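Enquirer: My questions all concern the structure below.
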Amino acid sequence: MAASFVRSSLVSITGMETRESQVVTRQGFRGAMSLLRRNRDFRSLYLAQLISFGGDWFLLVALYGLVLDLTNSPLMASLILVAQLVPYFLFVPVAGVLADRLNRQVLMVTADVVRAVLVLAFFFVGPGTVWLIFVLQALIALFTSTFEPASEAAVPNLVDREDLSLANSLVGSAWGTMHAIGAALGGVVAGAFGKNAAFIADSASFVESAALLVTIRRRFSEDRPVERIPFVEATVETAKYAREDTRVLSLLAVKGGFGLAGGVLVLLPVFARDVYHQGDVGTGILYGLRGVGALIGPFVGRRFAGTTSSGMFRTIGWALFCFPVFYFAFPFMPFLLLAGLCTVGAHLGGGAQWTLSTYGLQRFVPDRIRGRVFSFDFALVTLSIALSNLAAGWAADQFGPKATMVGLAAVGLVYAVGWWLATRRLRRATG
């Protein structure tokens, strides 16, 4: 069955690429505004994600500051993400199957409502209850793992085919936009009004996101028969499909490999506090500038990739190099703003590779198993980032943040070289 999916996908994608090359694609800001104006349902999804991402960054900046204040340990700060990533990794394969079997819209709204309630429990964290942060992060992660594969799998059904590339750039930029705005404002709000204000903002963002998702009228999935294949067999079938289509396999390797150097992210608040002595405000600035890069990256990547598969794979390769090169330079910057410019450059590449690899999977994978494939994608990057964060927290305690960031950047550079060499034949074959 997996082989038949591959053959049918190759036929449909060959035709799609020809049609896409004939479409005069709207570019940049005007194209984005046109899509949001024309497509009410996609606009609701985009705004829901914009609001939710903003609240998430308010929360994350506040939690980093809270844990560092209570424990004074980079390792404990790294566990904030680990507590989120490990449960996500364990549950997201199940969530992918659910996204292919159940109503994706209902799954996403339910996840938002439950997370809105869970976030308010951070009010009870204090010197004797630091453990509660990690428990709540784990619970929130379970519902996030339900939301994200359903959301990515739904996008091709909410836009016309010729708008899919631009829609992915917008969705990718939503994360970057609110990373820039949410992280920067989160640092200011946490510093000025206290961390509880950030918890309230995140809870409200989930409520607003759910309210927008309810208004969407287009279907989040194609018509599909009721599937009674056991979860394990469904997962095995998806793995076989990915293995038989080298394009899908190479795209699944993008984010997972990128995550191996992802431990640099937990070092940003450590640099802000211990190296540049700017506390929560400094953390907000670094994460905010990281978001600027992630905002610009999807549009730059889309412009360089063009409409061909070969252009997409080539641009992903260059984007993979961009991330470790700029983080290798980061520890040597004498001022926080110069270090922040390095995060812009790094995440310009990060945003480009993330969005383009997502777009490729949406093009190549049929709707019937799209949720499961995205759950694989998220599981791989979640595992690699979790391991990288653990390593970064431990190494920062042992060797300091500067040596740790250089080491992680070196890991990312080695992986980028390996991916580029491994996909040479694929880039030529896709023309």
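Enquirer: Using 7 Å Cα-to-Cβ label points, what is the D274/L102 separation (nm, one decimal)?
Expert: 4.2
Enquirer: Once you have the Cα-Cα distance between R368 and L426, take 0.36 nm times their residue separation minus that, and quote the gain in nm to one decimal.
Expert: Full-extension gain reported as 18.4 nm.
Enquirer: Pulled fully out, how much extra length does the chain show between A197 and W394, if you take 0.36 nm times their separation in residues and subtract their Cα-Cα distance?
Expert: Stretched fully, the A197-W394 segment lengthens by 67.9 nm.
Enquirer: Can you tell me how much longer the chain between T129 and R161 gets when fully stretched, taken as 0.36 nm per residue apart minus their C-alpha distance, in nm with one decimal?
Expert: 6.5 nm
Enquirer: While we're here: Leaving ligands, DNA and RNA out of it, report the carbon-plus-sulfur percent of the accessible area of region 265-392 at a 1.4 Å probe.
Expert: The nonpolar share, carbon plus sulfur, comes to 79 percent.
Enquirer: Alpha carbon centre of region 245-323 versus region 328-390: separation in Å?
Expert: Answer, in whole Å: 5.
Enquirer: Let me ask you something else. Treat each spin label as a single point 7 Å out from the Cα along the C-beta direction, and report the V417 to M333 distance in nm.
Expert: Distance between label points: 2.5 nm.
Enquirer: For region 324-425, what is the accessible area per residue in Å², given a 1.4 Å probe and the full set of protein chains? Walk me through the numbers on the way to the answer.
Expert: Details: 3760 Å² over 102 residues.
Result: 37 Å² per residue.
Enquirer: Moving to a separate point now. Give the cross-link partners of K255 among the lysines, using a straight C-alpha distance below 28 Å as the criterion and excluding same-chain residues fewer than 8 apart.
Expert: The qualifying lysines are K240, K402.
Enquirer: Got a number for the accessible area of T382? Probe 1.4 Å, square angstrom, nearest 10.
Expert: 10
Enquirer: For region 34-174, which whole percent of the accessible surface, found with a 1.4 angstrom probe, sits on carbon and sulfur atoms?
Expert: Summing carbon and sulfur atoms, their accessible area is 69 percent of the total for region 34-174.
The values are calculated or read from the model by the stated rules, or taken from the named source; none is laboratory data. Being a predicted model, the structure only gives us computed values, none of them experimental. Methodologically, a virtual Cβ is constructed for each residue, glycine included, from the backbone with ideal geometry; neighbour enumeration extends over all protein chains shown. SASA here: full protein model, heavy atoms, side chains in, ligands and nucleic acids out. Shrake-Rupley method; radii C 1.70, N 1.55, O 1.52, S 1.80 Å.
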